[in-house]
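The values are calculated or read from the model by the stated rules, or taken from the named source; none is laboratory data. Predicted model only: the values in this text are computed from it and were never measured. Cβ placement follows ideal geometry from the backbone for every residue including glycine, while neighbour counts extend to all protein chains displayed.
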Amino acid sequence: MTSKSLNASDKTALLTKFRQLVGASHVLTQDSKTRRFRKGMRTGEGKVLAVIQPGSLLEQWHIMKAAIEANCIVIMQAANTGLTGGSTPDGDDYDRDIVLINTLRLKGIQLINEGKQVVCLPGATLDALEQKLLPLDREPHSVIGSSCIGASVLGGVCNNSGGALVRRGPAYTEMALYASVNEQGELTLINHLGIELGETPEEILSRLESASYEATDIDNDSGRAASDPAYAEHVRQIDAPTPARFNADPSRLYEASGSAGKVGVFAVRLDTYEKEPSDVYYIGSNNPDDLTEIRRHLLTQLPDLPIAGEYIHRGAFDMGEKYGKDSFLFINKFGTAKVPSAFALKSRIDAFFERFGLRSVTDHIIQQLMNILPSHLPKRMRDYRERYEHHLLLRVSKKSSTASNEFLDTYFKDKEGSYFKCDDEEGRKAFLHRFAIAGAAIRYRDTHRRQVE
């Protein structure tokens, strides 16, 4: 591969320009300072020319323009949770220099249409959006799993996240403000938010960030959707030859949605949802065919589609119980807001010890402490782990609970499997355990590097 990296003088000139645009304190170049941005919490790591932290949408625009004009690779990043990957370099074999733009300083969330929709800027997190909507008794598209560690709203849209959401499907919108590189290699700003903000990038970005627009500037008749309008019908097609969900599904790729870093997103407009009372069922079986039959029935026969569903194998259950314990306990004790800062502190400590050739020091220390503690999971979940290999977590609306009970009672009447209806604490902890499982394998890898490739 032929390298197209900048020479030393061009690098110096570009970094000087970045510092002029956002201030020297928001242009990071030292490995120890860029580590927590260029190393994914779960996967991905590589070198970067700089990490830039713009303080306004206009600064983000100017940084992107300067990087594109210098023929650099641009990686956009918000919370760097590593949930979907792609927000850090992956290896050191790129043919050009990488500029990583971290957007967490751009936290704007604007409620429109009486809170039935929201406009989110690049650094807005699902947790912050959830709190913003709470007084309205509404919630964002995703409230399970990713919201627990401060994942960004835009990251979810760009990667069509929301794998556990049966009813809402993947994060999706056709209404976004984004930048793309045209055939002439020039960066262009495209406003498909459905909000009249002006003509020039300077006017559009400044007015949006300051929310300098009126209700009359909002177009609600453009025909563009702010969520996936067809997913509920799509997921009910249980006899279709294709899966309901798969990566890069062409039917859910639309401009910013599913763009996975191909465009630079400045804002998205999304639907919000009325909060709905729900119940959680914990289902266990030693025959995976049982879960298939249950899935087929629930997708076609309930009064409403299930809200969410998650599968856990016994092996994953064990992995999460041991190696995801600290994540579970931290979130259970301190809530979601403190998690990003805890990850940042962990990264700084690991960076210090890496100077001496010691890797994953915090992981080893934390895991030794966790090994001393007893199991943190509810007794009925642990009992099901002993009895059953396959576990299904199912969240349904209250109005579907009676039908769910009746079906599960009938289905398991002459079968080995069983189920129980969770109380509020069990339901919350069941889904939190499933979330902790996702990162548990990374903890295992980091504490068993001699055994794991």
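Suppose the filter is without any contact (Cβ under 8 Å) to a residue 40 or more places away in the chain and either aliphatic (A, V, I, L, M) or in the same structural domain as residue 353 (by TED's automatic domain parsing) (or both); does residue 52 pass it? No, not satisfied.
Among the residues of the stretch 244-269, those that are in contact with a helix residue (DSSP H, G or I) (Cβ under 7 Å, 6 or more places away or on another chain) and surrounded by 19 or more Cβ atoms within 10 Å (Cβ to Cβ) comprise 256, 257, 258, 259, 264, 265, 266, 267, 268. Looking across 432, 408, one residue alone is within 21 Å of residue 378 (Cα to Cα) and of a type outside the set (Lys, Arg). It is 432. Picking from residues in the stretch 196-229 that are within 22 Å of residue 258 (Cα to Cα) and over 25 Å from the mean Cα position of the chain (by Cα), the one that is surrounded by the most Cβ atoms within 10 Å (Cβ to Cβ) is 222.
Only one residue in 416, 406, 425 is in the same structural domain as residue 376 (by TED's automatic domain parsing), under 22 Å from residue 301 (Cβ atoms) and either in contact (Cβ under 8 Å) with a residue 12 or more places away in the chain or not in a loop (DSSP other than H, G, I, E, B) (or both). Which one? Walk me through it before giving the result.
Working: 416 fails: under 22 Å from residue 301 (Cβ atoms); 425 fails: under 22 Å from residue 301 (Cβ atoms).
Selected residue: 406, the only one of 416, 406, 425 that is in the same structural domain as residue 376 (by TED's automatic domain parsing), under 22 Å from residue 301 (Cβ atoms) and either in contact (Cβ under 8 Å) with a residue 12 or more places away in the chain or not in a loop (DSSP other than H, G, I, E, B) (or both).
In the stretch 325-384, of all residues being hydroxyl-bearing (Ser, Thr, Tyr) and within 23 Å of residue 448 (Cα to Cα), the one that is surrounded by the most Cβ atoms within 10 Å (Cβ to Cβ) corresponds to 327. Only one of the listed residues (169, 156, 162) is part of a helix (DSSP H, G or I), under 19 Å from the mean Cα position of the chain (by Cα) and buried (at least 17 other Cβ atoms within 10 Å of the Cβ). That residue is 156.
Could you give every pair whose Cβ atoms fall below 7 Å, whose first residue belongs to the stretch 172-185 and is outside the structural domain of residue 222 (by TED's automatic domain parsing), and whose second residue is in a strand (DSSP E or B) and not polar (S, T, N, Q), counting only separations of at least 6 or pairs across chains? Once the first residue is outside the structural domain of residue 222 (by TED's automatic domain parsing) and sits in the stretch 172-185, no partner that is in a strand (DSSP E or B) and not polar (S, T, N, Q) comes close enough. In the stretch 231-243, the residue that is nearest to the chain's Cα centre (by Cα) out of those that are surrounded by 10 or more Cβ atoms within 10 Å (Cβ to Cβ) and either closer than 15 Å to residue 307 by Cα or in contact (Cβ under 8 Å) with a residue 24 or more places away in the chain (or both) is 231.
Scanning for something in a strand (DSSP E or B) and surrounded by fewer than 20 Cβ atoms within 10 Å (Cβ to Cβ), does the stretch 41-56 turn up at least one residue? Yes; the residues of the stretch 41-56 include at least one that is in a strand (DSSP E or B) and surrounded by fewer than 20 Cβ atoms within 10 Å (Cβ to Cβ).
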